[in-house]
């Protein structure tokens, strides 16, 4: 399927591995010039080489507001502007609501909410000026249905989802769409560190863990020309695991 975005530019945060890297690969396959970031030079260079010769690898730590701004500024400079933003950052450590400290909640908000807000604020002015833009934030199914053992993550994801919804409404008249991709269980290093993947798969109706490349292609679709009437929504990509209606 021709996504109609060949020649566009994209900044994908936290993309040296996992769902961020898969999203960058899918966008590059659609003809988009991409800039990715990681905190580690060796990892980001290896990921950029995997994506293709036109991919730009940048060292940035988007877990802080300053790092998020630095990534956006550097990506815009290297690409000549940013048409597409895929906001992504690692999740906070696991913990139940009462065993999670106030400092851990604060760090989770900085990592998983405020970093996304900062990146969005960095790209919006030029997107509005051009009359075209795509913002997709990789969040979590926990944004809709809190995951008790991921308390800090669920709280932060819910907060950023609220921000994205309001931002989508404000930017809709300017040709800029804003959505979130809400993954369930996917075969990433973070998931593997939480327990037995085989056991987790039993809870998924399709009886397997998600493929990051399938997730990346869904993100690319949300960035496509065909998705221009989709904004302000969260796309669940969870193999049917979520049972709630809204």
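Could you say which residue among 75, 13 is touching a residue at least 12 places away in the same chain (Cβ under 8 Å), in contact with a helix residue (DSSP H, G or I) (Cβ under 8 Å, 6 or more places away or on another chain) and surrounded by 24 or more Cβ atoms within 10 Å (Cβ to Cβ)?
Numbers: 75 fails: in contact with a helix residue (DSSP H, G or I) (Cβ under 8 Å, 6 or more places away or on another chain).
Result of the check over 75, 13: 13.
Of all residues in the stretch 83-106, those being surrounded by 12 or more Cβ atoms within 10 Å (Cβ to Cβ) and in a loop (DSSP other than H, G, I, E, B) number 10. If you go through the stretch 168-198 and pick out every residue that is outside any helix (DSSP H, G or I) and at pLDDT below 95, you end up with 11.
When you scan the stretch 131-154, do you find a residue that is closer than 23 Å to residue 24 by Cβ, at pLDDT 95 or above and surrounded by fewer than 24 Cβ atoms within 10 Å (Cβ to Cβ), even just one? So far as the stretch 131-154 goes, yes, one or more of its residues are closer than 23 Å to residue 24 by Cβ, at pLDDT 95 or above and surrounded by fewer than 24 Cβ atoms within 10 Å (Cβ to Cβ).
The values are calculated or read from the model by the stated rules, or taken from the named source; none is laboratory data. As the structure is a computational prediction, the values presented were derived from the model and not from experiment. Here Cβ is always computed from backbone atoms with ideal geometry, including for glycine, and neighbour counts include all displayed protein chains.
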